[in-house]
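First the structure, in the form of structure tokens, and then the observations on it.
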Amino acid sequence: MSNVLGLKSGIKNIFFSLLETLAPLLSRSNKPVAHAEVRKILVAEGGGIGDLIRVFPAIECLKDNFPGASLSVLASPEAKEVLFLFSKKDIISEVIDYDLKGMHRGFHRKFRLVSAVRKRHFDLIYAPDRGEGMREEILMNFLTGVPHRIGFQKGRAGSLNTIKTELNEKTSIGKQNLDILRNAGLRVTNEEINLCIPEKDILGAKLLMQQHTHEIVCPFIIIHPGASWNAGYRCWPLENYISLIQKLAKELRQKIILIGNKGDRETGERILKEVESPGVISVMGRTTLAQMAALIKLSGLFVGNDSGPLHIALALKTPSVAIFGSTSPEQVIGQQERCVVVRKNLLCAPCYVHQYDYRPDCKDFRCLSEISVDEVFHAVKLILSV
């Protein structure tokens, strides 16, 4: 099986390399964006919650640059729920599903999506594609026939975009998403991620807390020990989270709420069983995304890995302790007020900086396993003392 997968990967790399070599003949590079021609815009971001949140400012800017144009968003089913928290969600005309794990898995199903997008006759596509799926998604954008395709370039990957911005390993993705617009000659009218949590969801979060504790306990700490994508090289070991929670509950007498999706329920049950503290409750898999965001907003501190809930916490200005391993905090979140990053400065870290050809060499991810409980505990105390 591994030989077959290796052969497929090799053939795919040859195919993409050939396309990227021929890109100057296939696609007109640096084609200026003619404002009068842009009547329909597609923002394509098929990544996770954090990826989608980080294009919110770009969506606002695109609408400000082209106020008369309709604006559609292509997003994954897992992430699109966060659009309901976007303060300017009314400017979005349509949301198109991009389901890599289901209806768009495989070449033929992706081609059907390309055909469907092609029939909508968009004039401009804003697509900040990066990472392992970068080459494939940029090819899909090219096949839609959209005349203006603006996005990143990493090496030769991205050559099929009409306006290309080199992806930088040291600059935050949020800033680089706006640099794409600047490079296309468009105005950047907003740089902030603006979230708005409906009052009904704040009330729902409070009622959920009352069901578990018979009271609304404030302040409390939110802990998110998971990650929905490539969790192996983004998650601090669960045993460490358990030890941390025990110290927070016993030594600092902190109330703790565990958050996560439905797949995290067993994790929550294990934590509760091993911690054995009435001050720790789990709502994993029992909230909507909006209710989860409401809990983060109501909390005094968020602790978690490089994941979607961390990006929600940062957007809501919730004090945070962010645990990083193979990914780069400089690239993922940049400088953030009231956020303490805990990381190990190993020679091999960070190794994942959104390369299209990323293949992790290590199996034990020392960058995460060597972060001690005391280091994270100290970061929590540092934030709580401010």
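The values are calculated or read from the model by the stated rules, or taken from the named source; none is laboratory data. The model shown is predicted, which means the values in this text are computed figures rather than measured ones. Using ideal geometry, Cβ is built from the backbone for each residue, glycine included, and neighbour counts are taken over all protein chains shown. Side chains are part of the model used for accessible areas, which takes the heavy atoms of the whole protein and leaves out ligands, DNA and RNA. Shrake-Rupley method; radii C 1.70, N 1.55, O 1.52, S 1.80 Å.
Brief remarks on what is shown
- Among the residues of the range 264-293, the one identified as part of a helix (DSSP H, G or I), more than 18 Å from residue 78 (Cα to Cα) and of a type in the set (Gly, Ala, Ser) is 268.
- Apart from one condition, residue 3 fits all of (1) at pLDDT below 95; (2) under 27 Å from residue 153 (Cβ atoms); the exception is (2).
- Just so you know, in the range 9-67 the residues that are part of a helix (DSSP H, G or I) and among the polar types (S, T, N, Q) include one that is modelled with the lowest pLDDT, and it is 9.
- Test result for residue 383, modelled with pLDDT of 85 or more and assigned to a loop (DSSP other than H, G, I, E, B): no
- Selection of the range 237-263 for residues being more than 19 Å from residue 368 (Cβ to Cβ), assigned to a helix (DSSP H, G or I) and either open to solvent by 40 Å² or more (accessible area, probe 1.4 Å) or of a type in the set (Phe, Trp, Tyr) (or both) yields 246, 250, 251, 262, 263.
- Some residue of the range 240-252 being touching a Ser or Thr at 6+ places or on another chain (Cβ under 9 Å), at pLDDT 95 or above and either among the charged types (D, E, K, R) or over 20 Å from residue 299 (Cα atoms) (or both): yes
- Of all residues in the range 188-224, those being surrounded by 15 or more Cβ atoms within 10 Å (Cβ to Cβ), modelled with pLDDT of 95 or more and outside any helix (DSSP H, G or I) number 9.
- Flag for residue 74 being surrounded by 18 or more Cβ atoms within 10 Å (Cβ to Cβ), touching a residue at least 24 places away in the same chain (Cβ under 8 Å), under 15 Å from the mean Cα position of the chain (by Cα) and within 22 Å of residue 147 (Cβ to Cβ): yes
- Enumeration of residues in the range 134-174 that are on the phi > 0 side of the Ramachandran plot and out of contact with any Asp or Glu (no Cβ under 9 Å at 6 or more places or on another chain): 145
- Matching entry among 300, 279, 285 (being in contact with a Pro (Cβ under 7 Å, 6 or more places away or on another chain) and either surrounded by fewer than 22 Cβ atoms within 10 Å (Cβ to Cβ) or acidic (Asp, Glu) (or both)): 300
- Cβ separations smaller than 7 Å between residues 6+ apart or across chains give the following pairs from the range 334-349 residues that are modelled with pLDDT of 90 or more to residues that are open to solvent by 80 Å² or more (accessible area, probe 1.4 Å) and not acidic (Asp, Glu): 334/175; 340/382.
- Members of the range 311-333 found to be in contact (Cβ under 8 Å) with a residue 24 or more places away in the chain and of a type in the set (Gly, Ala, Ser), listed by number: 313, 315, 320, 325, 326, 328
- Count - residues of the range 357-377 that are assigned to a loop (DSSP other than H, G, I, E, B), buried (at least 19 other Cβ atoms within 10 Å of the Cβ) and more than 22 Å from the chain's Cα centre (by Cα): 1
- Any hit, the range 95-106, residues being farther than 24 Å from residue 192 by Cα, in contact (Cβ under 8 Å) with a residue 24 or more places away in the chain, open to solvent by 60 Å² or more (accessible area, probe 1.4 Å) and outside any strand (DSSP E or B): yes
- Within the range 107-162, the residues that satisfy the criterion of being of a type in the set (Lys, Arg), in a helix (DSSP H, G or I) and surrounded by 15 or more Cβ atoms within 10 Å (Cβ to Cβ) are 110, 135.
- Apart from one condition, residue 329 fits all of (1) open to solvent by 60 Å² or more (accessible area, probe 1.4 Å); (2) touching a strand residue (DSSP E or B) at 6+ places or on another chain (Cβ under 6 Å); (3) within 24 Å of residue 167 (Cα to Cα); the exception is (1).
- Among residues of the range 339-356 being part of a loop (DSSP other than H, G, I, E, B) and either among the hydrophobic types (A, V, I, L, M, F, W, C) or surrounded by fewer than 13 Cβ atoms within 10 Å (Cβ to Cβ) (or both), the one that is nearest to the chain's Cα centre (by Cα) is 353.
- Where residue 309 falls short, out of the listed (1) under 24 Å from the mean Cα position of the chain (by Cα); (2) under 23 Å from residue 381 (Cα atoms); (3) assigned to a loop (DSSP other than H, G, I, E, B): (3)
- In the range 163-187, residue surrounded by the fewest Cβ atoms within 10 Å (Cβ to Cβ) [restricted to those that are among the polar types (S, T, N, Q) and assigned to a loop (DSSP other than H, G, I, E, B)]: 171
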